[in-house]
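Notes to accompany the following structure.
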Amino acid sequence: MLRVSTDQLSAGHLVELRALFDEAWSEDGFDEHDWAHALGGTHFVIEAGGSVRSHVSVVERELVADGRPLRTGYVEAVATRAADRRRGHATRLMQEATAFIDERYQLGALGTNLFDFYTRLGWEAWRGPTSVRTVDGLVPTSHEDGFVMVRRTPSTPELDLGGPISCDWRPGDVW
């Protein structure tokens, strides 16, 4: 397993990662905003046979929960090559990413509809309303309600998972 920051990835790794993401999200599409969201943080990568087989990245974001800004490790671009699925690669990488988040952040977060996978790794569904912080104030993201999961870390303050949570604005999918 490889753990590197984006600036430590080789040009070859970047090409392989983009191909992996395009394969993993071939039906839903993986656009330039999604690509940008996957970069700028720490990458956890499994390679085999000289190529990238599975990936998880953690990027820093600020989420506000219960009115408190929280330094958050946000999980992006969890993907495994189709031929390598069901071999535990994503589980192993998420365990490493979760340990990384536990050490460095007040909260872990991600957007997903794969609740069973993340729940067994200690993640919890956020039950409250979601929104995004913009220059015009808070904008509800009700289409994301029920699809955000969080990871409490040793430095997470007490949280009401049924309360409001907001993320910083970014182009593309905000969550």
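The values are calculated or read from the model by the stated rules, or taken from the named source; none is laboratory data. Just so we're clear, the structure is a prediction, and the values are computed from it rather than from any experiment. Every residue, glycine as well, gets a Cβ built from its backbone with ideal geometry; the counts of neighbours run over all protein chains shown. Accessible surface areas use protein heavy atoms only, side chains included; no ligands, DNA or RNA. Shrake-Rupley method; radii C 1.70, N 1.55, O 1.52, S 1.80 Å.
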Within a Cβ distance under 15 Å of I165, other residues only, what is the Lys/Arg minus Asp/Glu net charge?
-> -1
Dipole magnitude (debye, nearest 20) for the chain, charges at Cβ of Lys, Arg, Asp, Glu | 600
Quote the accessible area belonging to W175 in square angstrom, nearest 10, computed with a 1.4 Å probe and with ligands, DNA and RNA left uncounted.
-> 20
Just in the stretch 1-103: which GluC sites (Glu not before Pro) are loop by DSSP and have at most 10 other Cβ atoms within 10 Å?
-> E27
Quick P(r) readout (the chain; Cα-Cα; 5 Å bins; whole %) gives 1, 8, 18, 22, 21, 15, 9, 4, 1, 0
Equivalent ellipsoid semi-axes, the stretch 6-110, via Cα gyration tensor eigenvalues times 5, rooted, Å = 24, 15, 13
At a Förster radius of 25 Å, what calculated FRET efficiency corresponds to the Cβ-Cβ distance of E103 and S26, to the nearest 0.05?
-> 0.15
HN-Hα J in Hz across the stretch 52-60 - Karplus 6.51, -1.76, 1.60, θ = phi - 60°, x for Gly and Pro = 5, 10, 8, 8, 9, 10, 10, 10, 7
If each of D173 and T112 carries a label point 7 Å out from its Cα toward its Cβ, how far apart are those two points in nm?
-> 1.2
Read phi for every residue in the stretch 5-21 and hand back ³J(HN,Hα) as whole Hz from Karplus 6.51 cos²θ - 1.76 cosθ + 1.60, θ = phi - 60°, with x for Gly and Pro.
-> 7, 3, 5, 9, 6, 6, 4, x, 4, 4, 5, 5, 5, 4, 5, 4, 5
Convert each backbone phi in the stretch 67-79 into a coupling constant with the Karplus relation 6.51 cos²θ - 1.76 cosθ + 1.60 (shift: θ = phi - 60°), then list the ³J(HN,Hα) values in order as whole Hz, x for Gly and Pro.
-> x, 10, x, 10, 5, 10, x, 9, 7, 9, 6, 7, 8
Taking Lys and Arg as +1 and Asp and Glu as -1, residues besides Y118 with C-beta under 12 Å from its C-beta add up to 0
So between R120 and L2, what do we pick up on full extension, going 0.36 nm a residue minus the alpha carbon distance?
-> 40.1 nm
Of all trypsin sites (Lys or Arg not before Pro) in the stretch 85-175, which ones are in loop regions per DSSP and have a Cβ with at most 16 other Cβ atoms within 10 Å?
-> R85, R86, R87, R120, R127
Computed label-point distance, nm, for sites S142 and R71 using a 7 Å Cα→Cβ extension | 3.6
Counting Lys +1, Arg +1, Asp -1, Glu -1, what net charge surrounds M1 among other residues with beta carbon under 13 Å of its beta carbon?
-> +1
Per residue value of the accessible surface for the chain (all protein chains in place, 1.4 Å probe), Å² | 49
